[in-house]
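Worksheet: the structure to be examined is printed underneath.
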Amino acid sequence: MKVLIGTTNPSKVGRFEELLSGNDIEFYTLNDLGIVSEPEERGKTPEENAAIKAEYYGLFFNLVICNDSGLYFETLPLEDERQPGLDIRSPGGCGRLDDEEMITYYLELVKSLGGKVLAYYLDGIAVYNHGKIFSYMEDREARKESAFYMIDQVSDKRHPGWPLDSLSVDRHTGVYFVDDGNNGFGMEDEDEADIAYRKRLVDFLENALGGAKNEPVTFTNPKG
């Protein structure tokens, strides 16, 4: 089975490769196909944005996985302008930040909030399968079970594409996400909530991808 992962983020690519490692899948990325155009993400949730991206990249490939995330700090009301939400890379209306700029921005934000903030991600995942869109997102309360601390001390290690892992630590062990060695998936110290969430993600992805025959469609650039 051939699947396009609709991203240029190496950490996202690694995540889906690891989640679906038990399947016979040949993965492609946007870079592999030379795709440089991207959709305008106007969704109100990570799930909606993931679906928008999956439908768009379905113009190029028959099986596509896309992901979008929102970051939320427990100490901030959802309507607070400092709440990252869907704008993780462009917080506060600023331009798109690169990895190191993100670390600098969030380091200062966490310092302003006391140096240690309980945070959680909402992940939306969508699969395009031969013209059909399947999407998945856990509710906010369920994701809070896997909340972590973002702190004002930066690890010198990096996960390219996921810079905030250098500020994030497991709330039970205090271990930085960049020290996991596997982007937080499949670790021996994974708690029950994380293991259950991981299983739900894998089940969704495998069911959405199905056993459909897949051949790359002819490449065209809809914005070109």
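Check region 115-133 and report whether any residue there is of a type outside the set (S, T, N, Q), closer than 18 Å to F73 by Cα and without any contact (Cβ under 8 Å) to a residue 40 or more places away in the chain. Yes: region 115-133 contains one or more residues that are of a type outside the set (S, T, N, Q), closer than 18 Å to F73 by Cα and without any contact (Cβ under 8 Å) to a residue 40 or more places away in the chain. Given the criteria in contact (Cβ under 8 Å) with a residue 24 or more places away in the chain and of a type outside the set (G, A, S), does E40 qualify? No: the conditions fail for E40.
In this structure, is D165 assigned to a loop (DSSP other than H, G, I, E, B) and among the acidic types (D, E)? It is false that D165 is assigned to a loop (DSSP other than H, G, I, E, B) and among the acidic types (D, E).
Taken together, the values in this text are just the output of simple stated rules run on the coordinates, not laboratory data. The structure displayed is predicted, hence computed values, not measured ones. Glycine also receives a Cβ, built like all others from the backbone with ideal geometry; neighbour counts cover every protein chain displayed.
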